[in-house]
Amino acid sequence: MTDMKPRALAACGVTLLVALASTSCSGMNSRQCRNGDCTVVVVGAQYSGDLRDTKRVDFEFEIAVADDQSAEVTVEREEERTRRDEEESATLRPGESAELMTYSVEYVFHNADGATFEFTRTD
(Lines give C-alpha, C1' and ligand atoms only; values in the text may rest on other atoms or scores of the structure.)
Protein backbone atom coordinates (compact mmCIF):
# COMPACT_ATOMS: atom_id res chain seq x y z
CA MET A 1 0.00 0.00 0.00
CA THR A 2 2.91 2.37 0.64
CA ASP A 3 3.95 2.02 -3.04
CA MET A 4 0.63 3.59 -4.10
CA LYS A 5 1.03 6.81 -2.12
CA PRO A 6 3.96 8.26 -4.11
CA ARG A 7 2.18 7.43 -7.37
CA ALA A 8 -1.05 8.95 -6.11
CA LEU A 9 0.80 12.10 -5.04
CA ALA A 10 2.61 12.26 -8.37
CA ALA A 11 -0.69 11.95 -10.24
CA CYS A 12 -2.22 14.70 -8.11
CA GLY A 13 0.82 16.89 -8.71
CA VAL A 14 0.54 16.44 -12.48
CA THR A 15 -3.19 17.17 -12.36
CA LEU A 16 -2.53 20.32 -10.35
CA LEU A 17 0.14 21.49 -12.83
CA VAL A 18 -2.20 20.89 -15.77
CA ALA A 19 -4.99 22.78 -14.00
CA LEU A 20 -2.68 25.71 -13.25
CA ALA A 21 -1.34 25.78 -16.81
CA SER A 22 -4.81 25.76 -18.33
CA THR A 23 -6.03 28.65 -16.19
CA SER A 24 -2.89 30.79 -16.15
CA CYS A 25 -3.61 32.22 -19.64
CA SER A 26 -7.25 33.06 -19.10
CA GLY A 27 -7.83 36.72 -18.46
CA MET A 28 -4.92 37.80 -20.66
CA ASN A 29 -4.83 39.71 -23.95
CA SER A 30 -4.16 37.52 -26.95
CA ARG A 31 -3.27 37.83 -30.62
CA GLN A 32 -3.31 35.07 -33.23
CA CYS A 33 -2.15 35.89 -36.75
CA ARG A 34 -1.87 33.99 -40.00
CA ASN A 35 -0.52 35.62 -43.17
CA GLY A 36 -1.19 39.10 -41.79
CA ASP A 37 -4.80 38.40 -40.77
CA CYS A 38 -5.24 38.54 -37.00
CA THR A 39 -7.76 37.81 -34.27
CA VAL A 40 -7.20 39.98 -31.22
CA VAL A 41 -8.85 39.58 -27.80
CA VAL A 42 -8.62 42.54 -25.42
CA VAL A 43 -9.13 41.77 -21.74
CA GLY A 44 -9.31 44.99 -19.78
CA ALA A 45 -8.88 48.49 -21.16
CA GLN A 46 -6.22 48.32 -23.87
CA TYR A 47 -3.83 46.26 -25.94
CA SER A 48 -1.36 46.90 -28.75
CA GLY A 49 0.93 44.80 -30.91
CA ASP A 50 2.13 43.81 -34.37
CA LEU A 51 -0.16 42.81 -37.22
CA ARG A 52 2.41 42.19 -39.91
CA ASP A 53 6.14 42.87 -40.32
CA THR A 54 7.90 42.88 -43.67
CA LYS A 55 11.37 44.07 -44.62
CA ARG A 56 10.01 47.44 -45.72
CA VAL A 57 6.73 48.06 -43.90
CA ASP A 58 5.39 47.17 -40.45
CA PHE A 59 1.75 47.30 -39.39
CA GLU A 60 0.74 47.64 -35.74
CA PHE A 61 -2.55 47.95 -33.90
CA GLU A 62 -3.70 49.68 -30.75
CA ILE A 63 -7.10 49.14 -29.16
CA ALA A 64 -8.60 51.01 -26.22
CA VAL A 65 -11.93 49.67 -24.93
CA ALA A 66 -14.16 52.06 -22.95
CA ASP A 67 -16.57 51.19 -20.14
CA ASP A 68 -19.52 51.51 -22.57
CA GLN A 69 -17.89 48.75 -24.75
CA SER A 70 -17.00 51.19 -27.55
CA ALA A 71 -13.42 50.82 -28.77
CA GLU A 72 -10.92 53.21 -30.32
CA VAL A 73 -8.99 51.12 -32.86
CA THR A 74 -5.83 52.42 -34.53
CA VAL A 75 -3.77 50.80 -37.29
CA GLU A 76 -0.31 52.26 -37.85
CA ARG A 77 1.86 51.75 -40.93
CA GLU A 78 5.61 52.27 -40.43
CA GLU A 79 7.98 52.42 -43.40
CA GLU A 80 11.47 51.30 -42.45
CA ARG A 81 13.38 52.99 -45.27
CA THR A 82 11.80 56.46 -45.08
CA ARG A 83 10.93 56.37 -41.37
CA ARG A 84 7.47 57.56 -42.37
CA ASP A 85 4.58 56.66 -40.08
CA GLU A 86 0.89 56.89 -40.91
CA GLU A 87 -2.09 55.86 -38.84
CA GLU A 88 -5.85 55.68 -39.13
CA SER A 89 -8.35 55.33 -36.29
CA ALA A 90 -12.02 54.59 -35.82
CA THR A 91 -14.39 54.24 -32.89
CA LEU A 92 -16.29 50.97 -33.12
CA ARG A 93 -19.04 49.24 -31.18
CA PRO A 94 -19.64 45.46 -31.18
CA GLY A 95 -20.78 44.34 -34.63
CA GLU A 96 -19.30 47.35 -36.45
CA SER A 97 -16.34 47.45 -38.82
CA ALA A 98 -14.06 49.98 -40.51
CA GLU A 99 -11.34 50.11 -43.18
CA LEU A 100 -8.06 51.24 -41.57
CA MET A 101 -4.91 51.43 -43.68
CA THR A 102 -4.88 48.12 -45.59
CA TYR A 103 -7.06 46.29 -43.05
CA SER A 104 -10.73 45.64 -42.61
CA VAL A 105 -11.27 45.73 -38.84
CA GLU A 106 -14.36 44.14 -37.30
CA TYR A 107 -15.34 44.45 -33.64
CA VAL A 108 -16.83 40.96 -33.45
CA PHE A 109 -18.25 40.91 -29.91
CA HIS A 110 -17.73 41.84 -26.28
CA ASN A 111 -18.44 39.42 -23.43
CA ALA A 112 -17.10 38.49 -19.99
CA ASP A 113 -13.91 37.06 -21.57
CA GLY A 114 -13.06 40.32 -23.36
CA ALA A 115 -13.54 42.15 -26.65
CA THR A 116 -12.75 40.27 -29.87
CA PHE A 117 -11.54 41.95 -33.07
CA GLU A 118 -10.77 40.57 -36.54
CA PHE A 119 -8.11 42.28 -38.68
CA THR A 120 -8.27 41.16 -42.33
CA ARG A 121 -5.87 42.37 -45.01
CA THR A 122 -7.51 44.09 -47.96
CA ASP A 123 -4.40 44.45 -50.16
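The values are calculated or read from the model by the stated rules, or taken from the named source; none is laboratory data. Just so you know, these numbers come straight off a predicted model, no measurement behind them. Areas reflect the complete protein model, heavy atoms only, side chains present, ligands, DNA and RNA absent. Shrake-Rupley method; radii C 1.70, N 1.55, O 1.52, S 1.80 Å.
Within segment 69-123, what whole-number % of the accessible surface is contributed by carbon and sulfur, with the 1.4 Å probe and all protein chains included in the calculation?
Numbers: 1230 of 3150 Å².
Taking all protein chains in place, segment 69-123 shows 39 percent carbon and sulfur surface.
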| query | Tell me, what ³J(HN,Hα) does each residue in segment 37-42 have, in order and in whole Hz, if you take phi through Karplus 6.51 cos²θ - 1.76 cosθ + 1.60 with θ = phi - 60° and put x for Gly and Pro? | reply | 8, 9, 10, 10, 10, 9
| Cα-based Kirkwood hydrodynamic radius, segment 18-123, one decimal, Å | 14.3 Å
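Stretch Ala45-Glu88 to full length: gain in nm at 0.36 nm per residue minus the Cα-Cα span?
Length gained, Ala45 through Glu88: 13.5 nm.
By how many nm would the segment from Asp53 to Glu79 grow when fully extended, if each residue of separation counts as 0.36 nm and the alpha-carbon distance is taken off? Don't jump to the answer; show the numbers that get you there.
Values: separation 26, 0.36 × 26 = 9.36 nm, distance 1.02 nm.
Extending this stretch completely gives an extra 8.3 nm.
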